Amino acid sequence: MSVQYVGLTDINGPLVALDGVKGAAYDEIAKIRLDDGSERIGRVVQMEGEKVILQVFEGTNGISLKNTRTIFSGKPLEIPLSPEILGRVFNGAGKPIDGLGDVFPEKMGDVNGRALNPYSRDYPQNYIHTGVSSIDALMTLIRGQKLPIFSGSGMLHNKLAVQIVKQAKITGEGAKDFGVVFAAMGVQNDVADYFRRSFEDTGAIERVCMFLNLSSDPIIERLLTPLCALTAAEYLAFEKNMHILVIMTDMTSYCEALREFSSSKGEIPGRKGYPGYLYSNLAAIYERAGIVKGSSGSVTQIPILTMPNDDITHPIPDLTAYITEGQIVFDRELDRKGIYPGVSVLLSLSRLMKDGIGEGFTRTDHSAVSNQLFAAYARVQDARSLASVIGEDELSEADRAYMKFGKLFEEHFLNQGFDENRTLDETLDLGWDLLCTLPRNELDRIDEKLLEEKYNPERAMKFM
Amino acid sequence: MENTIYSINGPVVKAANTKDFSMLEMVYVGERRLIGEVIGVADDFTTIQVYENTAGLKIGEPIFGTGAPVCATLGPGIISNIFDGIERPLRDMVKDNGAFVAEGSHLFALDEEKQFDVTVTVKKGDRLVGGDVYCTTPETPLITHKCMLPPDMSGEVTFAAENGKYRVNDVIIRLKTADGEEKELTMVQRWAIKKARPCAGRLPSTRPLITGQRVIDTLIPIAKGGAAAIPGGFGTGKTVTQHQIAKWCDADIIVYIGCGERGNEMTQVLEEFGELIDPKSNRPLTDRTVLIANTSNMPVAAREASIYTGITLAEYYRDMGYHIAIMADSTSRWAEALREISGRLEEMPAEEGFPAYLPSRLSEFYERAGYVKNLNGTEGSVTIIGAVSPQGSDFSEPVTQNTKRFVRCFWALDKSLAYARHYPAIDWNSSYSEYVEDLADFYNEISPDYTALRQEIANILQEEAKLMEIVKLIGADVLPDDQKLTIETARVVRVGFLQQNANHPDDTYVPLPKQRLMMKVISVLYHKSLDALKTGVVLSDIFSLGLFEKATKMKYDIPNSRLELFDGLISEINEKIDALNAGV
């Protein structure tokens, strides 16, 4: 018979305090039984002498100082794992909510995870084909990468995420062992529903494991959602050798939940009120992507976050981009022009791309084309800002060519349909066609031999 | 009475009613003996930061003192290894704990079983003082490890082992010290990581650390024994720049500290440096590299230690007479670790929540760089290159500003250059090096016109910056021809010279003579064109010769091994422009 502690000494937001506790361990899970028979789960977040502070996942509504009995479990939070979690729906704390009953566990997984030894990692080098030109050509997604989407409220990031899931294709062996873990944090009910319906429509639902914490659910549970999702992903990838794509939306809600929790704990705030450990906390999530030696699976993450006020220097996108291996940034202006996906090419980047493209991976001319497209599109911005001052008519001939290139690039290369799945060849050839609209001597990132082979002004005619 | 845990808050643990511990003492916390360090001693509480995850610790578990500060283990076997922030060997940890890092591991830093070929360099009766070498062993094909007397020890050799094969913990010599005590010395010594190793004296820094990167070597050079900061927002290429320097610079040993950065990056360094062959020695780069990895999801307290562990290892090899370059990526994460611990201690925060002692910690670290005369008479150097990750790319934040005060070389990475994929994205306008004058003699020995050419290139860029202000307002077409020429020449400097392709076999590393010849070509082209304009040649005729495109691509067209081709390019420029002049 385990010891039960009757009553509490303090309740503050999601935190409750108990006194006189003996033998509790830091970070362990406790069950709080209310007099009405309901049960809540709490985690030890601070201990001093015999005083213990618990964070209650389901919130403290209805808890009084007298109506509880608390039992310490002696274990960290664990979720049941088995290959059958694919196709299932869980809440943010890992409890099934699809009415199909409990998961029969093959093992229990500690949601906190542990840091992966850098020596045990394999450097990610194989690309994932998404069928989206801007991503495949310019910010190639690599297996084992963490590549977030930075968006703003009202833009079409969810649509892009669904398109990626729908079209994502892994080349080479293991291609069929592909699965998706989806974590929703603080999203509206209809957004979660949109994802569920899209997965059903595309038939992917069998290979999707969903963790849903909606915007009305308690915030402490939101802090657990990514941990549960990644524990499931790591299990499927490293023990069941699957390629797992983890989509997490919306990381901004997660960070706000963390801020709320931190302030109720009375911690000293850092920038914009977020706790000083926001970087470490986000790193503990993002770093759980990767490939482990001795397993053929991989965890690839696409976290989605909405930049408050479209501000990329806000702490959430800023710290995220310092941890992740690149970012895909949405641009409000392109979005308004009706270009989908409205990816801001110059702000976006894939750090792992350079080692995963070219000969043996994609196509030998891939890096030359993408470098030149980037450089040319950067020149477009210069020409546009100049044109806004002196007028388009006054521009030099080269600048006018760039203005035209910019427009065509946005309309034909960036812009593509939701159901349009472009092959890599189509994408790169389209890139060449666009580059051929520019004078040959402007293409200074491509060596002569390749230009000789590919450059042909007639290719530009298709845009006339 | 046994010392026990009284409170736990993240990595900060307190023990009540004890006066057993001293400041900065290393302690073992709990039944699992997690490694920690005493960071505060008061009448009622002793405060300890724990270098490992504290989940599962209980109130009342014991705390064991060790009586010594946190130390680095120094001896053969460090090079080509990978350690965590407190020098535990990550490679061996895999054997014990599998792919994930577990708590409470107490592995010895070095391989205790490996047999080293040892040459003993002293004999019975020799008198030795601190720093003297008593044996050597080839640690890697590139590095001869020299075991030295700890700096604070001296005495007479009473026993010296024969040359032969020994393990690191075997006794090599015995020493009778002044107070009559006899000490046994193995190949291993320990040194407190937060204490700088002493040297006989500092020497001026007059030799550059040659990196093969044009914008660094030529425009903004760093001296051996100097300190540089690389600040830059995310995606501006801090890590790539550090990788390039680590790969190609002419230091003997590289200490690469991944402090709070990505795990995949450390793996990349491990894999890439193992495959890359150093052209000078024909050996893989790992033969001269040590990695210290505290990835961003490893415990935050060990992040602070990783920086000190790295520099202690560097100083140890410096004492043997080597030149060491330290890459610290990123010092901002270290500063944030300080902030996090400080917050948990409820200290009064200064700017942006950072503790008030941030500047003093930074200066202590950067001051450990230097070109020195060692206790044993050899010369060695430690060069520090620290990346800074300013929040929101704002260089006015405390870490960047404070770092700027303690380094003499500042390579500011610029977002707009990175967006245009101009790499290395070092902004020539806001970067600076205070070593330029100290190093002038060295460069002029390569060729007497080296510094003059450098100045000329700098002037062209300066001039361009001024002209671009006008162009932004009224367009380039209204400029007079000579100014248009300056702008076009500056473009050649930017695209052809400053921009460097890390993935191109020749361009990734460019020796100084080629750097000079490239500047020479640009200078000849500029002056020749300027003279032609004066004789009445039209600018568009000069441009149509294709010489500017040729100059832009010379970095690819002329291989590093065939520098004589530059003569051809220069005479082509002369001839073609002379022909135009003749036509006027």
Fill in the blank from the handout: Within region A:286-337, the residues that are of a type in the set (Asp, Glu) and closer than 27 Å to B:VAL94 by Cβ are A:GLU287, A:GLU325
Fill in the blank from the handout: Within region B:19-46, restricting to residues that are of a type in the set (Ser, Thr, Tyr) and assigned to a strand (DSSP E or B), the one that is surrounded by the most Cβ atoms within 10 Å (Cβ to Cβ) is B:THR46
Problem - Residue among B:LEU291, B:LEU358 that is modelled with pLDDT of 90 or more, over 19 Å from the mean Cα position of the chain (by Cα) and either within 14 Å of chain A (Cβ to nearest Cβ) or closer than 22 Å to A:TYR277 by Cβ (or both) - result: B:LEU358
Practice task
Could you give me the residue pairs with C-beta distances under 8 Å whose first residue belongs to region A:8-27 and is within 14 Å of another protein chain (Cβ to nearest Cβ), whose second residue is polar (S, T, N, Q) and part of a strand (DSSP E or B) wherever it lies, and which are 6+ apart or on separate chains?
Solution key: A:LEU15/A:GLN55; A:LEU18/A:THR70
Exercise for the section: Specify the residue that is nearest to B:GLY56 (Cα to Cα); the eligible residues are those in region B:1-18 that are assigned to a loop (DSSP other than H, G, I, E, B) and more than 35 Å from the chain's Cα centre (by Cα). Expected result: B:ASN3
Exercise for the section: Residues that are over 19 Å from A:ASP136 (Cα atoms) and more than 11 Å from chain B (Cβ to nearest Cβ): find the helices (runs of 4 or more DSSP H) completely inside region A:255-360 holding 3 or more of those. Expected result: A:332-336
Fill in the blank from the handout: Subset of region B:47-77, residues over 30 Å from the mean Cα position of the chain (by Cα), of a type in the set (A, V, I, L, M, F, W, C), away from every other protein chain (no Cβ under 14 Å) and buried (at least 16 other Cβ atoms within 10 Å of the Cβ), comes to B:ILE63
Exercise for the section: Within region B:351-364, track down each residue that is of a type outside the set (Ser, Thr, Tyr), loosely packed, with under 15 Cβ neighbours inside 10 Å and not in a helix (DSSP H, G or I). Expected result: B:ALA356
Fill in the blank from the handout: When every residue in region B:156-170 that is more than 36 Å from the chain's Cα centre (by Cα) and crowded, with 18+ Cβ neighbours inside 10 Å is compared, the one nearest to B:CYS135 (Cα to Cα) is B:ALA160
Handout entry: Residue tally, condition surrounded by fewer than 21 Cβ atoms within 10 Å (Cβ to Cβ) and touching a helix residue (DSSP H, G or I) at 6+ places or on another chain (Cβ under 7 Å), over region B:262-295
Key = 4
Practice task
Only one of these is assigned to a helix (DSSP H, G or I), closer than 17 Å to A:MET353 by Cβ, within 14 Å of another protein chain (Cβ to nearest Cβ) and without any contact (Cβ under 8 Å) to a residue 60 or more places away in the chain: A:SER388, A:SER367. Name it.
Solution key: A:SER367
Exercise for the section: May I ask you to list the residues in region A:186-227 that are out of contact with any Ser or Thr (no Cβ under 7 Å at 6 or more places or on another chain), buried (at least 16 other Cβ atoms within 10 Å of the Cβ) and of a type in the set (D, E, K, R)? Expected result: A:ARG196, A:ARG207, A:ASP217, A:GLU221
Practice task
Could you list all residues from region A:391-403 that are in a helix (DSSP H, G or I) and facing chain B (nearest Cβ under 9 Å)?
Solution key: A:GLU394, A:ASP399
Exercise for the section: Scan (1) within 27 Å of the chain's Cα centre (by Cα); (2) buried (at least 17 other Cβ atoms within 10 Å of the Cβ) for the single condition B:LEU525 breaks and write down its number. Expected result: (1)
Fill in the blank from the handout: If you go through A:LEU156, A:LEU147, A:LEU138, the only one that is more than 23 Å from A:PHE90 (Cα to Cα) and under 14 Å from the mean Cα position of the chain (by Cα) is A:LEU147
Handout entry: Residues of region A:53-69 satisfying the condition of being part of a strand (DSSP E or B), under 36 Å from the mean Cα position of the chain (by Cα) and over 8 Å from A:ARG40 (Cβ atoms)
Key = A:ILE53, A:LEU54, A:GLN55
Practice task
Answer yes if at least one residue in region B:333-340 is of a type in the set (Lys, Arg), closer than 21 Å to B:ALA246 by Cα and either touching a His at 6+ places or on another chain (Cβ under 7 Å) or in a helix (DSSP H, G or I) (or both), and no otherwise.
Solution key: yes
Practice task
With the condition kept exactly as written, say whether any residue in region B:361-383 is in contact with a helix residue (DSSP H, G or I) (Cβ under 6 Å, 6 or more places away or on another chain) and within 14 Å of chain A (Cβ to nearest Cβ).
Solution key: no
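Here's the yes/no breakdown for (1) among the aromatic types (Phe, Trp, Tyr); (2) over 25 Å from B:LEU530 (Cα atoms):
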| site | (1), (2) |
| --- | --- |
| B:GLY475 | no, no |
| B:VAL478 | no, no |
| B:ALA490 | no, no |
| B:VAL495 | no, no |
| B:GLN499 | no, no |
| B:ASN503 | no, yes |
| B:TYR509 | yes, yes |
Exercise for the section: Would you please name the residue that is surrounded by the fewest Cβ atoms within 10 Å (Cβ to Cβ), looking only at residues in region B:309-335 that are away from chain A (no Cβ under 14 Å) and charged (D, E, K, R)? Expected result: B:ASP319
Fill in the blank from the handout: By residue number, the members of region A:94-139 that are more than 14 Å from chain B (Cβ to nearest Cβ), in contact (Cβ under 8 Å) with a residue 60 or more places away in the chain, in contact with a strand residue (DSSP E or B) (Cβ under 7 Å, 6 or more places away or on another chain) and assigned to a loop (DSSP other than H, G, I, E, B) are A:GLY94, A:ILE97
Fill in the blank from the handout: Here the residues within region B:254-287 that are under 13 Å from B:ILE82 (Cα atoms) and at the interface with chain A (Cβ under 8 Å from one of its Cβ atoms) are B:GLY258, B:GLY263, B:MET266, B:THR267, B:GLN268, B:LEU270, B:GLU271
Exercise for the section: Among the residues of region A:342-364, write down those that are touching a residue at least 40 places away in the same chain (Cβ under 8 Å), surrounded by fewer than 21 Cβ atoms within 10 Å (Cβ to Cβ) and closer than 14 Å to A:ASP425 by Cα. Expected result: A:PHE361, A:ARG363
Handout entry: Residue in region B:122-135 that is crowded, with 17+ Cβ neighbours inside 10 Å, β-branched (Val, Ile, Thr) and free of Cβ contacts under 8 Å to residues at least 60 places away in the same chain present
Key = yes
Completion exercise
The residue from B:ARG454, B:ARG405 that alone is touching a Leu at 6+ places or on another chain (Cβ under 9 Å), surrounded by fewer than 20 Cβ atoms within 10 Å (Cβ to Cβ) and among the basic types (Lys, Arg) is B:ARG405
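The values are calculated or read from the model by the stated rules, or taken from the named source; none is laboratory data. Computed from a predicted model, the values in this text were never measured in an experiment. Using ideal geometry, Cβ is built from the backbone for each residue, glycine included, and neighbour counts are taken over all protein chains shown.
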